[in-house]
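The structure appears right after this line, and notes come after that.
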Amino acid sequence: MSHRPAGAFVKPLDATTIVEFVGGLLLLIVGAELLVRGAGRLAAAFGVSSLVIGLTVVAFGTGSPELAVAVRSAWAGQPDIAVGNVVGSNIFNVLFILGLSALIVPLVVHDQLVRIDVPVMIVVSIIVYLMAVDGTVSRLDGLALFAGIVTYTVVLIRASRRESGPRDAAPDEAPPARPRWMGSAALVVVGLALLAFGSEWLVDGSVAIARALGVSELVIGLTVIAAGTSLPEVATSVVAGVRGQRDIAVGNVVGSNIYNIMMVLGLAAVAAPSGLSVARPAIYFDMPVMLAVAVACFPVFFSGSAVRRWQGALFLGYWIAYTTYVILNASQHDALPAYSNIMSIFVIPLTAIMLIALMVNELHKRRRPH
């Protein structure tokens with residue numbers, strides 16, 4: 001099914017559009033960086049684990065560009081950008097960011113991710129797909145998703161605080177110095193302001209680019225905006241992995257995907273005047289890909305509780321394959337039928353068999369007596 005809108009045509013891009021798009025993207029990146037720094041310093045006082053910080057504070061902070069863009073575009077009546085941004089970002093997070101991070105340094109996967117967080121990511125991916133099947137994520141659906149992310153966050157933080165114990169509950173311990181606290185809060189406020197301005201510029205520039213290139217807003221959301229708003233996740237996960245903070249590297253990706261679905265898409269649905277309409281190509285192709293990517297995490301994470309370099313390379317290869325398909329489909333290129341056949345007949349079934357074999361092999365290893 002083509003992503004190209006009927007009657008679309010190609011016209012030259014003017015300099016103002018390009019400046020608006022690039023400027024908006026830069027504001028989003030800088031704003032997210034300030035927000036992550038400020039929120040991370042404030043959250044450290046709560047004594048939660050690095051994994052939970054990665055799943056919550058860092059995931060929320062690095063996912064804030066997606067939130068700003070999705071809410072702004074939903075409110076402005078451009079739902080394809082909001083949906084494409086979330087779906088494309090979730091695919092990009094796992095296939096590109098996790099793949100690149102694992103290719104640089106193998107990632108150790110915390111047992112909590114396998115037992116709780118990856119299953120949560122899979123379940124919410126299924127839920128939002130079922131919500132969208134009728135072509136709309138309603139405002140009531142959005143409220144339910146947002147209530148879910150609030151519950152998930154509270155449960156994570158409480159569980160982490162119980163596990164960490166009373167180590168930072170000493171009554172005589174002085175609270176953080178006021179100037180430091182105010183500085184961290186200021187970073188959060190400035191970061192949010194930059195995100196608000198950046199999202200407006202990026203959405204306006206993206207719509208102009210989509211119209212100029214003759215492709216749909218959904219394609220722009222799935223590719224350019226998804227990759228652009230996910231740049232904070234790229235930087236965070238890669239740097240965290242290199243520095244040995246691998247819980248944050250993996251937790252950031254899984255947490256960002258959960259937040260994207262429940263908070264970003266949920267609030268976008270609430271912000272949209274009549275709920276968030278979902279285009280048919282997204283329902284029949286892109287959202288199932290997002291769900292498949294989430295499901296693929298489980299056997300990979302489960303197999304030895306690590307993401308190895310060859311698995312990272314496999315994820316990267318799939319991101320290239322998916323992006324190639326989106327581009328070929330948008331342009332209705334002559335190579336599209338042959339490419340689709342190769343993917344559906346050979347590549348996807350072989351990968352599914354390999355993932356099942358990984359899980360079976362790992363189960364056999366765990367059942368053997370030591």
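The values are calculated or read from the model by the stated rules, or taken from the named source; none is laboratory data. All values derive from a computational prediction rather than experimental measurement. All Cβ positions, glycine included, derive from the backbone under ideal geometry; neighbour counts span all protein chains shown. These area figures cover heavy atoms from the full protein model, side chains too; ligands, DNA and RNA do not enter into them. Shrake-Rupley method; radii C 1.70, N 1.55, O 1.52, S 1.80 Å.
Assorted remarks:
- Arg72 meets each of the listed conditions (1) at pLDDT below 80; (2) over 20 Å from Ser125 (Cβ atoms); (3) open to solvent by 30 Å² or more (accessible area, probe 1.4 Å); (4) under 19 Å from the mean Cα position of the chain (by Cα) apart from (1).
- Which listed residue is open to solvent by less than 50 Å² (accessible area, probe 1.4 Å), modelled with pLDDT under 70 and outside any loop (DSSP other than H, G, I, E, B), from Leu51, Leu28, Leu42: Leu51
- Test: Val295 is closer than 20 Å to Ile122 by Cα and in contact with a Ser or Thr (Cβ under 9 Å, 6 or more places away or on another chain): yes
- Sole residue being touching a strand residue (DSSP E or B) at 6+ places or on another chain (Cβ under 9 Å), of a type in the set (A, V, I, L, M, F, W, C) and in a helix (DSSP H, G or I), chosen from Ala68, Ala102: Ala102
- Residue pairs whose Cβ atoms lie under 6 Å apart, sitting 6 or more positions apart in sequence or on different chains, and linking a residue in segment 267-294 that is over 17 Å from Glu66 (Cα atoms) to a partner that is open to solvent by 20 Å² or more (accessible area, probe 1.4 Å) and among the aromatic types (Phe, Trp, Tyr), are Leu291/Tyr129.
- Scan of segment 243-266 for residues that are open to solvent by 10 Å² or more (accessible area, probe 1.4 Å), at pLDDT below 75 and assigned to a helix (DSSP H, G or I), ordered by number: Arg246, Asp247, Ile248
- So Ile348, is it open to solvent by 60 Å² or more (accessible area, probe 1.4 Å) and at pLDDT 80 or above: no
- When residues in segment 201-251 are screened for being over 28 Å from Ile283 (Cβ atoms) and in contact with a Lys or Arg (Cβ under 6 Å, 6 or more places away or on another chain), 0 of them pass.
- Scanning segment 107-143 for residues that are buried (at least 16 other Cβ atoms within 10 Å of the Cβ) and within 20 Å of Ala271 (Cβ to Cβ) returns Val124, Ile127, Val128, Met131, Ala132, Thr136, Val137, Ser138, Arg139, Asp141, Gly142.
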